[in-house]
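Each remark here refers to the structure printed beneath this line.
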Amino acid sequence: MNKEGLQKISYGVYIVNTKNSGCIINTLTQVANDIIIISVNKENYTNKMLKKHKKFNITILTKNTDMQLIQTFGFTSSKDNDKYKNYHTQKDSSNIPYIKEHMAALIEATITQEIDLNTHTLFIAKITNTKKLSDEEVMTYDYYHQVKKGITPPKAPTYEKPKKGYRCSICGYIYEGNTLPKDFVCPICGAPATVFEKID
Ligand SMILES: Cc1cc2nc3c(=O)[nH]c(=O)nc-3n(C[C@H](O)[C@H](O)[C@H](O)COP(=O)(O)O)c2cc1C
């Protein structure tokens with residue numbers, strides 16, 4: 001199948017926060033007046049916590065969001081570390097934390113249905129509250145890739161295996177190409193070219 005067409009789908013970039021866990025997602029859509037859907041990989045710890053707690057909130061990232069925050073929430077697991085420890089957090093009405101700085105809005109929701117998509121779970125949720133957090137411009141998925149030079153990790157639904165390249169052994173960033181420049185610096189974690197491993 002030619003998957004080229006899929007690259008033209010537009011998304012935003014979000015944090016889904018639940019009790020004891022949170023991660024970056026791009027797969028959020030409002031599908032009815034008070035209903036949103038999100039798709040979360042079964043290997044992500046956040047998937048387990050969503051199934052357990054049934055409540056979550058979403059914050060909408062803006063163009064000013066730091067890449068370090070995306071690295072923490074999109075490339076490390078809440079199973080291994082407290083992602084919130086270096087951030088100033090607020091609590092929503094269900095006592096679930098969220099980061100307010102450089103976020104455009106907060107959406108609180110309760111899960112009403114779960115659909116098994118094999119690798120991912122599609123969570124259908126009723127919106128219970130929303131709040132504008134700032135007037136900063138929202139970050140689109142395209143902006144994340146084109147301007148912030150962000151990458152797609154393996155557990156995101158939009159991930160495609162690269163054919164050839166070099167993988168950063170610190171954060172997993174993949175440089176696609178035959179030769180990695182000696183002065184290359186990882187755009188996600190700042191690691192030097194020497195820590196990159198060749199992949200075929
Ligand atoms: C830009 C971006 C988009 C992502 N989109 C999704 C997504 O839609 N669904 C998903 O399950 N993971 C997505 N991820 C991957 C998770 O954020 C990542 O696997 C995270 O480390 C999971 O953390 P956890 O184990 O604490 O849940 C995305 C990551 C990035 C950086």
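The values are calculated or read from the model by the stated rules, or taken from the named source; none is laboratory data. The model shown is predicted, which means the values in this text are computed figures rather than measured ones. FYI the Cβ positions are ideal-geometry reconstructions off the backbone, even for glycines, and counts take in every protein chain you see. Remember, those area values only see protein heavy atoms, side chains included, never the ligands or the DNA or RNA. Shrake-Rupley method; radii C 1.70, N 1.55, O 1.52, S 1.80 Å.
Between ASN129 and GLN7, the modelled labels are 4.2 nm apart [label points 7 Å from Cα along Cα→Cβ]. Ordering SER39, SER169, SER10 by accessible surface, largest first, gives SER10, SER169, SER39; the 1.4 Å probe counts only protein heavy atoms, with every chain in place.
For the range 1-158, the per residue solvent-accessible surface stands at 54 Å², with DNA, RNA and ligands left out and a 1.4 Å probe.
Could you size up the charge dipole of the range 61-122 around its Cα centre, putting +1 on the beta carbon of Lys and Arg and -1 on that of Asp and Glu, and report it in debye to the nearest 20?
Values: 6 positive and 8 negative charges, 45 e Å.
With Lys and Arg at +1 and Asp and Glu at -1, about 220 debye.
Report the rotationally averaged projected area of the range 106-161 based on its alpha-carbon convex hull, in square nanometres.
Values: hull surface 22.1 nm².
Here the figure is 5.5 nm², rounded to one decimal.
Give the Debye-formula value of log10 I(q)/I(0) at each listed q (0.09, 0.11, 0.15, 0.19 Å⁻¹), with one equal scatterer per alpha carbon of the chain, two decimals each. Log10 of I(q)/I(0), two decimals: -0.35, -0.52, -0.95, -1.46.
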